[in-house]
Amino acid sequence: MKRSTLSSDEKAAARAELRHHQWLAFSLVLPLLCFLLFSFIAPISTLLLRSVYHPNVQQLIPHTIALLNEWDGHDLPNNNLMIQMAIELKKLAKQREAGELAQEINRNLAGSASQIKITARQLRQIDDAILMHKGQTYLQDAHPAWRDKAIWFAIKKAGQVFTDQYYLTALDLEKNAQGKIQSRQDINLYIALFLKTLKMAFIVTGLTLILGYPLAYYLASAPARTANVLFIFVLLPFWTSILVRTTAWIALLQTNGVINASLLWLDIIKQPLPLLYNQFSTIIVMTHILLPLMILPLYAVMKSIDPCYVRAAGSLGAKPVRIFLTVYFPMTLSGLSAGILLVFILFIGYFITPALVGGTDGQLISNIIAFHMQKSNNWALASALGALLLLFIIVLYWLFDRLTDPNKLKLV
Amino acid sequence: MANENVFLQFNAIKKSYDHKQLVVKDFNLSVAAGEFVTLLGPSGSGKTSVLMLVAGFEGVTSGDILINGVSIKCLAPHQRNIGMVFQNYALFPHMTVSQNLAYPLKVRKWPKKRIQSQINTFLEMIELTAFAKRYPSQLSGGQKQRVALARALIFEPSLVLMDEPLGALDKKLREQMQFEITRLHKQLQFTVLYVTHDQEEALTMSDRIAVFSEGIVQQCAKPYILYEHPDNAFVADFIGENNMIKGICHHQHEQHADIGILQNERIHAQTTARLKPNQACVISIRPEKISIKRLIEATPESIHHSLTATFYIKHYVGGYIRYYFQLSDGSTIMVKSLNVHHPLQLEPQEKVQLIWSIDHAHAFIIDSTT
């Protein structure tokens, strides 16, 4: 027991050495850290921010929004507010930015875009001094809808800098005039799309599992030469560009494609089957594309399982089925969960293949996100949808992690 | 061995993996119930293959294996009721110690209470009661090996196979486990077929040892017979240390051969082989059977069981000392002598007489080594 403690000098030396190692380790990961910061953390944070922070309208008509925030919503806004609106709308008209405002408001109140554009065009010619006086009349003369409270609610809502409305929209919810959350009356789009994506993700994961597990087992137990040849067949699609593979499938599946033509020629069907541009084609092609990602982790785990475990179970008296269920299968769980997670997560976020072969029926949540970013220019909604997807995957990962409990799977 | 005593019998077993080469060539062996038989041989000699055939992991190419007179050739591994201990333990990593032990009992549908009491008995026996809830990854090598042993014994098989079970342990643990295995064997009276390449392990533990080389059993006998009366040069060389001196047979009379070595010297040796005159042979003499005499004390009458040699180096090993000598043709002879009160101090290049009892020289035909 004597002298088992360190002297202060020795402690300092040990600490210094540890610090040195830590610095070394840190400097080694630093480039990756920087890369992650720019390519991952920054974009994700922007995405999360954009889904709740939306200052566009507030920047376009700041004074009107300030006044609207004090408006109680019982009657029409007072003249002062209307004048402010008229003045700011005229300014926007002169700067040719009225269209942008119209687009923003239109998201909250369908049809308001033309109202704003018409008004802006008429106000452009009128002098500021006159507008200061009688702006409200000009506004209401230009379009009668300014006498309706609906437009003002829409503007007020659009003017909120921090808002949860995109999340509500993404979940098919909305706030009514009293500020209560209710499900949207008109359309029920995103939840259905989420559910469809989920359902198809389950199907594709299940298919890759059914196809991949036996194949991975065979690969892991086959002699090296056979396994190498087979592995090339597994990896070949993996090395080919996704676009090439998807196009190949289009050639196979389309109405006059290889499959339909052969079936017609063999007289098995009278009319071409609708194989492309539906859920079926999305599932088939996605299964093909994601299959290697199921096989690889399974193979890695199976390869590392010593055959002596199966032999031991046999010598202890277990029949083959029991050996598989109680010994072999539990030992592959880590690879299985890795494969399932990979396929599932990749499928949920997959964009290009459903876009190419999915038609309208085979579209996934990722395609609608892309639509909102590229076509409808609604980045906030796209961000909200993306953030929900991210949250969903994190929850899923956590659940899976809990279920498979990798701690128990430490190999000897 | 009397025939009614035979428990496990191998009849002319042959095994080939690639349809070209035989890994096991004509293996015959009878094992009595409760016997501890070791298959000993260098790696690649086919001893593990024999074990795999008994366990049923590999099929027999030709021949038959009988247990109590019944062929087990066509039974699947799970129908054979044979316990097996693997070199790397093969404990199921996703099960605790007690779950591992319960596995063969659950398969056999024992009632829960009986399973629990059996597990407790065996945990006590291997002194790991406190570790019942641990996973294999939380155990040390020796502990894992004891659990593996208990798992192979817990369902009370009449035959237990052990495939180099102590190969992965360090020397001290290995000796401890050897003791443990022999103790359990005495206590539970099961039959053991044990595979190892460690001859010391084989000699200490076994009732009989079958020495394997190139798929053939060179000799199967009790440990002391293997050591004292090897059948051929391979066994003589493989078991323990030995001095092998090349010679030419002059004549043989019953079990005694007169052999010429070096230029002109004659040595008498025991032999079980039939040596023809002028046939090349080797004489083996154990290094500890040789004593060293200074030339002044030399006994000239022991002319046919002694040699003159030149000392050149000695190795101090602790319990004994190894002396190395050179014969006139340059070949080396090693002598082991116990490190007693006054170990012999020899001068470099000193000539000495090496002398041994006439029973301790054995002559073998040279060809049987290959």
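Just to verify a result, which residue in segment A:188-230, among those that are exposed (fewer than 15 other Cβ atoms within 10 Å of the Cβ) and of a type in the set (D, E, K, R), is nearest to residue A:388 (Cα to Cα)?
A:199
Within segment A:303-323, track down each residue that is among the hydrophobic types (A, V, I, L, M, F, W, C) and surrounded by fewer than 20 Cβ atoms within 10 Å (Cβ to Cβ).
A:305, A:308, A:321
List the number of the failed condition for residue A:172; all other conditions in (1) of a type in the set (Asp, Glu); (2) open to solvent by less than 40 Å² (accessible area, probe 1.4 Å); (3) on the phi < 0 side of the Ramachandran plot hold.
The number of the failed condition is (3).
Every residue in segment B:206-235 that is among the aliphatic types (A, V, I, L, M), assigned to a helix (DSSP H, G or I) and open to solvent by 10 Å² or more (accessible area, probe 1.4 Å), please.
Across segment B:206-235, the qualifying residue is only B:225.
Does residue A:310 satisfy the condition of being within 14 Å of chain B (Cβ to nearest Cβ) and without any contact (Cβ under 8 Å) to a residue 24 or more places away in the chain?
Here the answer is yes, as residue A:310 does meet what is asked.
Being under 13 Å from the mean Cα position of the chain (by Cα) and more than 9 Å from chain B (Cβ to nearest Cβ) is true for just one of A:328, A:350. Which residue is that?
Step by step, each of A:328, A:350 is checked, and only A:350 is under 13 Å from the mean Cα position of the chain (by Cα) and more than 9 Å from chain B (Cβ to nearest Cβ).
Does residue B:118 satisfy the condition of being within 25 Å of residue B:34 (Cα to Cα), at pLDDT below 90 and either surrounded by 20 or more Cβ atoms within 10 Å (Cβ to Cβ) or assigned by TED's automatic domain parsing to the domain that holds residue B:45 (or both)?
No.
Does segment B:187-203 hold any residues that are more than 9 Å from the chain's Cα centre (by Cα) and in a helix (DSSP H, G or I), and which are they?
Residues satisfying the conditions are B:187, B:188.
Residues that are more than 10 Å from chain A (Cβ to nearest Cβ) and either aromatic (Phe, Trp, Tyr) or under 27 Å from residue B:19 (Cβ atoms) (or both), at least 2 per element: which helices (runs of 4 or more DSSP H) completely within segment B:46-127 meet that?
Ranges flagged: B:47-55.
I'm told residue A:269 meets every condition in (1) open to solvent by 20 Å² or more (accessible area, probe 1.4 Å); (2) within 14 Å of chain B (Cβ to nearest Cβ) except one. Can you identify the failing condition by its number?
(2) is the only condition that residue A:269 fails.
If you take the residues of segment B:1-44 that are free of Cβ contacts under 8 Å to residues at least 12 places away in the same chain and among the acidic types (Asp, Glu), which of them is least open to solvent (accessible area, probe 1.4 Å)?
Checked segment B:1-44; the qualifying residue least open to solvent (accessible area, probe 1.4 Å) is B:18.
Just the residues that are surrounded by 14 or more Cβ atoms within 10 Å (Cβ to Cβ), under 24 Å from residue A:348 (Cα atoms) and free of Cβ contacts under 8 Å to residues at least 24 places away in the same chain, please, taken from segment A:231-260.
Of everything in segment A:231-260, just one residue is surrounded by 14 or more Cβ atoms within 10 Å (Cβ to Cβ), under 24 Å from residue A:348 (Cα atoms) and free of Cβ contacts under 8 Å to residues at least 24 places away in the same chain, namely A:248.
Restricting attention to segment B:128-141, and to residues there that are within 14 Å of chain A (Cβ to nearest Cβ) and small (Gly, Ala, Ser), which single residue is nearest to residue B:167 (Cα to Cα)?
So, considering only residues that are within 14 Å of chain A (Cβ to nearest Cβ) and small (Gly, Ala, Ser), the one nearest to residue B:167 (Cα to Cα) is B:141.
The values are calculated or read from the model by the stated rules, or taken from the named source; none is laboratory data. The model shown is predicted, which means the values in this text are computed figures rather than measured ones. When we count neighbours, we look across all protein chains shown, and the Cβ atoms used for this are built from the backbone with ideal geometry, even at glycine. These accessible areas exclude ligands, DNA and RNA; they are computed on the full protein's heavy atoms, side chains included. Shrake-Rupley method; radii C 1.70, N 1.55, O 1.52, S 1.80 Å.
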